[in-house]
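Heads up, the thing below is written out as structure tokens.
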Amino acid sequence: MSQQTQVPGDAPPQAQEAVGLPLAPEDTAGESERVAAVPPDAVAQAGAVAPPDAAAQPGGSASHDAPVPPSLTALMAVGWAAPEGRLPDREALAGWTALRRRRLLDCFPGETLVVPAGPMKVRANDTDYPFRPSSDFFWLTGCTEPDSVLVLEERGSVLYLADRSDRSSPAFFTDRRYGELWVGARRGVSETAAALDLDCRPLEELPRAMGGLSPARTRLTRGVDPRADAAVLPWPAPDSARDRELGTLLAELRLVKDDFELARLREAVAATVRGFEECVAEMPRAARLERGERWLEGTFGRRARLEGNDVGYGSIIACGSHATTLHWVRNDGPVRAGELALLDMGVESDALYTADVTRTLPIDGRWRDAQRKVYDVVHRAQQAGLAATQPGADFLAPHRAAMAVIADALSDWGIPATPTDRAARDEAGVHRRYTLHSTSHMLGLDVHDCAQARDQSYRDGQLAAGMVLTIEPGLYFQVDDLTVPEELRGIGVRIEDDVLVTHGGSENLSEALPRDAEDLERWVQQLQG
Ligand SMILES: [Mn+2]
């Protein structure tokens, strides 16, 4: 499951009263004291709205930094030890990205392909979200620097990126986005060239390079970087079908994972398994807290940050009837013994590949009858889906196999209560009232990977060795659904594994987490013992 936008909470009464009042800051200290009152971490990512010299401009900067007098600039320029100057070693990734660039160029002979990383995104005022490059850009370069742009050409590809902001210019202490006193040393042009084995040039040269491109022979992954969108106009205007073709080809090239990617996915899954174990172990503690779901979200998030880059999507911690909400990411409910917890979580590795795993389990390690009845059906459905995951099989084969199990079970239970014959039920797909989503999606750098691939090569295509997909049937009985027996209302179950299609069949990458109902009981009891 992927993340959804946060549902806004109610504004507290105090904040509502403040609306419309004239600005009357409590802080009446002098200019210099107010500067000191702004902690460095609050403004460290303010580069998007405050260029390096903003403090010197009339009207001041967004952060109210003090102006920098020339004498201070002169002082800051001297007295530093000579830099070490050692370049990083070439990364193993570099060989793989070179192959990927070669394959992409072969799809568009004689053309120039522009693939940007994207800019930082503002969270609020002068703070940004943590940066993550666009997946296509990262897949082709391995570079994680914001604002970077890859220009691919037969005669030689160039990666444009912001150079280091080191002691050689005042920006090292005035530029909040790149200055090394603000953000620490980062890889610039020569460091990135050495590590990623790419021809790299400073970002300042990009406008001139873009200006020289022929629109009819250039394609862009549009919608990633507004500056690139403006610099490379669609051809023929205003349609950007040629650009969409580039996105489509990239998505389709990414469908089959190479060995490097598979190793990274295995790392992401291994860290995810550890995060699940920690969440289960923390459940008794979470059960004592008003918002125990948040405690578990934090528990998993800590594992994700410790071992990887972050979570690959907003963790879904859905206890009790919250499990019937597909993307429950508010995670503000209690964790109660006797209820089920549906945990849908994935660690994104440092190499930006994410796992996507779901387990539904009894919070106190003991199934109640109605819970077990629903769980066993979803488990059987998932087993059928896993068995149908084979090279050459339709992408939809696991979905069909899983849904057949669920439709039969619902029919046996007389759900929905309205009597219809089997043919009519199948025709209407009535089980979908309770299953809600499809069983699989591709997985990789994106949790819903390769989304721009054509139907013929994804949804209506066939599975091939090297593809990684989720198998995740679910059954959800809403609390207010009068078509199901009362004892089942409020029960939601999903079981999701990450599965690699192999030459001989498939491999469940997340098999280390138990799925059988009795194994789950033992696992929970052992972790909470
Ligand atoms: Mn999923």
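Please treat every number below as a calculation from the coordinates, not as lab data. For clarity, every value in this text was computed on a predicted model and none was experimentally measured. Backbone-built Cβ (ideal geometry, glycine too); neighbour counts: all protein chains shown.
Taking a Cβ cut-off of under 15 Å around VAL224, the surrounding Lys, Arg, Asp and Glu residues balance to a net charge of -1, with basic ones at +1 and acidic ones at -1. Post the alpha-carbon centroid distance, the stretch 415-437 to the stretch 454-529, in whole angstrom. After rounding, the separation between the Cα centres reads 21 Å. In the stretch 87-253, the DSSP beta bridges split such that about 55 percent are antiparallel, to the nearest 5. Computed over the Cα atoms of the stretch 87-253, pair by distinct pair, the Kirkwood hydrodynamic radius stands at 16.6 angstrom.
Under a 5 Å amide H cut-off, with hydrogens placed 1.01 Å from N, GLY490 pairs with PHE477, GLN478, VAL479 among residues at least 5 apart or on other chains. Taking only DSSP H segments of four or more residues, each worth -39500 (n - 2.57), what value at 222 nm results for the chain once the sum is divided by all its residues, to the nearest 500 deg cm²/dmol? Taken over the chain, the calculation gives -10500 deg cm²/dmol. Using C-alpha pairs under 8 Å with a sequence gap of at least 6, the mean separation divided by the residue count of the chain gives a relative contact order of 13 percent. The charge dipole of the stretch 435-522, taken about its Cα centre with unit charges on the Cβ atoms of Lys, Arg (+1), Asp and Glu (-1) only, comes to about 320 debye.
Computed over the stretch 87-253, relative contact order equals 24 percent, with contacts defined as Cα pairs under 8 Å that lie 6+ residues apart.
The Rg/Rh ratio of the stretch 399-529, with Rg taken over Cα atoms and Rh as the Kirkwood radius over Cα pairs, comes to 1.02. Our estimate of slack between SER214 and ALA512, defined as 0.36 nm per intervening residue step minus the Cα-Cα distance, is 102.0 nm. Between VAL78 and ALA465, the modelled label-to-label distance comes to 6.7 nm, taking each label 7 Å out from Cα in the direction of the beta carbon. Below 15 angstrom from the Cβ of LEU203, what's the summed charge of the other residues (Lys, Arg +1; Asp, Glu -1)? That sum, taken over residues with Cβ under 15 Å, equals -2. In this calculation the C-beta distance from VAL183 to ALA451 is compared with R0 = 30 Å, giving a FRET efficiency of 0.45.
Candidates HIS437, LEU213, THR174 compared by Cα position along the dipole of the chain: farthest toward the positive end lies LEU213, with charges placed on Cβ. Would you work out which of ALA424, GLY85, ILE316 lies farthest towards the positive end of the dipole of the chain? Charges go on Cβ: Lys and Arg +1, Asp and Glu -1. Checked the options; the winner is ALA424. Taking θ as phi - 60° and the Karplus parameters 6.51, -1.76 and 1.60, the scalar couplings of the stretch 142-159 work out to x, 8, 10, 8, x, 6, 5, 9, 9, 10, 9, 8, 4, 6, x, 9, 10, 9 Hz in sequence order, x denoting glycine and proline. Its alpha carbons considered, the stretch 305-379 gives a radius of gyration followed by a Dmax of 13.9, 43 Å. Name the residue from HIS503, LEU265, ALA228 whose Cα lies farthest towards the positive end of the charge dipole of the chain, charges +1 on Cβ of Lys and Arg and -1 on Cβ of Asp and Glu. It is HIS503, whose Cα lies furthest towards the positive end.
Per-residue Karplus couplings for the stretch 256-273, computed as 6.51 cos²θ - 1.76 cosθ + 1.60 with θ equal to phi - 60°, are listed in order as 9, 7, 7, 4, 5, 5, 5, 5, 5, 5, 4, 4, 4, 5, 4, 5, 5, 4 Hz, Gly and Pro entered as x. Under the convention that each Lys and Arg Cβ holds +1 and each Asp and Glu Cβ holds -1, the size of the dipole of the chain around its Cα centre is about 420 debye. Each Lys and Arg adds +1 at its Cβ and each Asp and Glu adds -1 at its Cβ; summed about the Cα centre, the stretch 87-253 shows a dipole of about 120 debye. Close amide-amide hydrogen proximity is noted between VAL347 and THR272, GLY312, ALA355, each under 5 Å apart and 5 or more residues distant or on a separate chain (H modeled in the peptide plane; Pro and chain starts excluded).
Label positions at ARG432 and ALA337, each projected 7 Å from the Cα along the C-beta direction, are separated by 4.3 nm. Taking trypsin sites (Lys or Arg not before Pro) across the stretch 433-471, the ones in a DSSP loop with at most 16 further Cβ atoms lying within 10 angstrom of their Cβ are ARG454, ARG459. Its Kirkwood hydrodynamic radius, worked out from the mean inverse distance over all distinct Cα pairs, puts the chain at 26.1 Å.
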